[in-house]
Structure formats: C-alpha cells, structure tokens
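Peer 1: Below: one structure in structure tokens.
The values are calculated or read from the model by the stated rules, or taken from the named source; none is laboratory data. These figures come from a predicted structure and were not determined experimentally. Note: ideal-geometry Cβ built from the backbone for every residue, glycine included; neighbour counts use all protein chains shown.
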Amino acid sequence: MTWTPLPIAMHMANELLSVPVAGATLAIVAVLVAIAAHWARRATSDDRLPLMGVMGAFVFAAQMINFTLPGMPGTSGHLGGGVLLAILLGPAAGIVTMATILIVQCLLFQDGGLLALGCNILNMGVVPCLFGWVLYRAVLGPAARAAAWRQYLAAWIACVGGVTAGAAMVPIEAAASGVLQVPLSQFLGVMIGVHLVISLFEGAITFTAIAYLRRVRPELMGLEPTGGTAGRYRPGYAAVTASLLITALLLAGVASWFASTWPDGLEWSYLKHHFGRAEKAMQNDSPTVAAVEQWQRKLSPMPDYGRRETPLGEASAEAAGPPAARWPNPNGWRSLAGVLGTIVTLGILYGVSRWMRRKDFGFYCASEK
C-alpha cells in the first residue's frame with residue numbers, strides 16, 4: 001500500500017521510518033522527556049513554569065505560518081520553536097513544552113506520523129533545545145548584564161545550530177530504517193542546505209520575541225531589571241502573558257490565511273527534490289507502517305488542520321494534490337483548528353506546569369522545600 005503525505009503536514013511522516021527504528025526512538029524519547037520533566041522542576045523557577053502554557057500556545061500557532069523561502073521556489077519553512085523555548089524556559093522545560101506541542105499536532109491534526117512521533121520530538125525538541133541552549137550560553141556569557149546585541153547574536157547562532165542539527169537527524173533516521181533510495185550524503189546535504197535557510201528566518205522570529213520580552217520583562221530573560229521610571233511602569237506578568245496569548249490566537253485564527261501553501265523544507269527535500277536518476281528518495285513497503293498510517297487517518301479529528309470529510313473511525317481521504325494556489329486563503333476550518341489547537345496546548349501545559357510545581361512532583365519527596 002502507498003499513500004501521499006498531507007500537503008501542509010510539517011513534520012516527519014510514518015513512511016520515513018521502519019517500525020524498529022520508530023519504536024526504539026519513541027522509547028528513548030519517553031525516557032528523555034521524563035528526565036527533562038524531573039530536571040525542569042528542579043532547574044526552572046516557579047515564576048517561569050506558568051509560561052510553559054502560553055509559550056507552548058504561541059509556538060503551536062506560529063508553526064502554522066509557513067513562509068516561502070527566497071531563491072527556492074516551491075519550498076517553504078516554518079518556526080520550529082525549540083531554541084526559543086529553551087532560551088525562555090530553560091532546555092528541560094523547553095523539551096517538555098515541545099513534546100506536548102508535537103503530541104497535540106500528531107493526535108488531533110495528523111501533523112507528523114504516529115510512528116514518527118518519537119523522532120519528531122527528538123529532532124524538533126530534544127536536539128534544538130539542548131544543542132541550541134549550549135550554543136546560546138556559550139556566545140552569551142554571563143546572562144545578568146548581557147548587552148542586547150550579544151543576546152541577539154547568541155539567539156541567532158543558537159537557532160542556526162539547533163535547527164540544522166535537528167534537521168540532520170532526519171536522513172540519519174531514514175537511513176537507519178533502510179528506506180532511503182538515494183545516498184545518505186546527498187539527502188543529508190539537501191536537508192542541511194534547506195534548513196540553514198529556514199534557521200535564518202527562525203533566528204529573526206526568535207530575535208523579535210526576545211526583543212519584546214527583553215523590553216517588557218527582562219528578568220524572564222535572566223537579565224537584571226534596570227532601574228528608573230521605565231522600570232516602574234513595565235507591564236505585569238498578566239499583561240505580558242495576555243499579549244502573547246492574544247498574538248497566538250491571531251496567528252492561528254487569522255495570520256494562517258496568509259501562510260505559504262508550498263511544501264515545507266522536509267517534505268520538499270524527499271518528495272519534490274530530484275536526486276539524479278532516482279525516481280524517489282524514499283521507499284517503504286512495510287504493511288505495519290501502512291496500517292498505522294491508515295489507523296491515524298481514521299482517528300484524527302481534523303486531519304491537516306481542516307474539516308473531516310468522513311466520519312470519525314473511517315479513513316479520511318488521501319491528499320489529492322497541492323492546496324489551491326490562492327493567497328490569501330481564508331479558511332474557517334483551518335482557523336478553528338488553529339484556535340482549538342492553541343487552546344488545547346495551553347490547557348495541557350498549564351496542567352503540566354501546575355503538576356510540576358507540586359512539592360511531591362516526580363522523584364521528589366513530600367518534604368522537599
């Protein structure tokens with residue numbers, strides 16, 4: 001059985017992996033996320049943990065905005081968000097937040113394969129959060145009084161390194177699965193090249209978010225608040241949180257109409273890019289992978305962030321081709337899916353943050369102070 005990946009799906013599809021590689025990666029990632037949750041409770045201050053919900057909602061919404069890559073017609077990119085979350089929340093809380101976003105996208109909207117969920121969390125959450133954070137701190141130096149230019153440069157370098165490193169994992173995972181029909185070096189080169197361009201845009205988006213928070217709440221960036229009149233009239237946490245949430249809802253509900261309809265960098269790299277005489281970059285004939293794909297189609301409430309054309313429990317129709325080439329493309333169902341996903345992500349992460357703030361959380365004893 002063969003299938004066509006959904007045209008706007010942004011993450012790894014089931015067909016890119018074998019069952020053993022998918023299962024092993026999912027098990028490894030489950031352990032890593034559990035460790036990250038444990039460490040986040042220990043390393044993240046209580047005033048930052050509530051930001052997990054609103055920042056998760058913001059990243060979920062921002063990921064819906066694909067942008068056309070200059071000089072690469074037919075290709076688009078989107079925010080990953082892992083580096084931004086690591087900078088604001090710390091790498092451990094960033095991993096937990098990204099894992100939640102990717103689980104919501106996979107289960108509700110069939111964005112990313114169910115078998116590929118572990119790889120998507122690893123590639124978009126664990127690797128960018130950890131590697132990006134290391135680069136960010138190495139360039140930033142002492143955070144308390146870091147100059148603005150140094151912080152922006154550190155964030156940009158972290159985005160380039162984190163996004164590219166995560167993208168480089170995809171060819172390695174596909175090669176380990178035995179589904180590659182082209183040399184690993186070729187696919188790896190294409191993925192790195194495309195995502196280097198995407199990472200520059202991710203750096204710009206991260207730069208904008210950091211510049212805003214640096215101005216209104218520098219302590220969230222690990223900076224010492226400046227004194228004077230400006231410091232006394234900074235908006236409170238509630239106002240900052242509300243501004244981020246409103247922005248997320250506008251991105252998901254309205255700005256998504258203006259997103260590029262071209263395939264994203266991953267999909268273009270293995271579906272649209274021509275590798276010499278190879279007819280296609282991937283070939284996966286596993287009946288188990290096909291069965292999981294079919295099962296996911298049956299149970300996804302809003303596949304591809306749109307309306308189900310079949311009742312829940314029946315396989316949704318496969319993608320017939322690229323979406324209509326209209327721009328902007330107002331779509332009420334896509335807006336509903338975006339707003340719904342934003343709210344669900346916010347709610348789950350709010351509950352997770354409250355759970356993590358409990359004194360008896362995880363491996364901690366009830367008497368912990």
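Peer 1: Filtering the range 268-289 down to residues that are under 25 Å from the mean Cα position of the chain (by Cα) and of a type in the set (A, V, I, L, M), which residue is surrounded by the most Cβ atoms within 10 Å (Cβ to Cβ)?
Peer 2: Val289
Peer 1: Here are the criteria: (1) more than 14 Å from the chain's Cα centre (by Cα); (2) assigned to a loop (DSSP other than H, G, I, E, B); (3) small (Gly, Ala, Ser). Tell me which single one Ala92 does not satisfy.
Peer 2: Ala92 satisfies all of (1) more than 14 Å from the chain's Cα centre (by Cα); (2) assigned to a loop (DSSP other than H, G, I, E, B); (3) small (Gly, Ala, Ser) except (2).
Peer 1: For a quick check of your reading of the model, give me the residue pairs whose first member lies in the range 143-158 and is more than 17 Å from Tyr212 (Cα to Cα), whose second is aliphatic (A, V, I, L, M) and in a helix (DSSP H, G or I), with beta-carbon atoms closer than 6 Å and at least 6 apart or on different chains.
Peer 2: Ile157/Leu135; Ile157/Val139; Ala158/Val83; Ala158/Leu135
Peer 1: Go through Ala255, Ala209, Ala259 for me and flag whichever is within 30 Å of Arg334 (Cβ to Cβ), surrounded by fewer than 20 Cβ atoms within 10 Å (Cβ to Cβ) and either at pLDDT 85 or above or of a type in the set (A, V, I, L, M) (or both). First the steps, then the outcome.
Peer 2: On the way: Ala209 fails: surrounded by fewer than 20 Cβ atoms within 10 Å (Cβ to Cβ); Ala259 fails: surrounded by fewer than 20 Cβ atoms within 10 Å (Cβ to Cβ).
One residue alone meets the criteria, Ala255.
Residue-wise test of (1) surrounded by 14 or more Cβ atoms within 10 Å (Cβ to Cβ); (2) at pLDDT 85 or above; (3) farther than 26 Å from Gln294 by Cα.
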| position | (1), (2), (3) |
| --- | --- |
| Glu314 | no, no, no |
| Ala319 | yes, no, no |
| Arg326 | no, no, yes |
| Asn329 | yes, no, yes |
| Trp333 | no, yes, no |
| Leu340 | yes, yes, no |
| Leu346 | yes, yes, yes |
| Phe361 | yes, no, yes |
| Ser367 | no, no, yes |
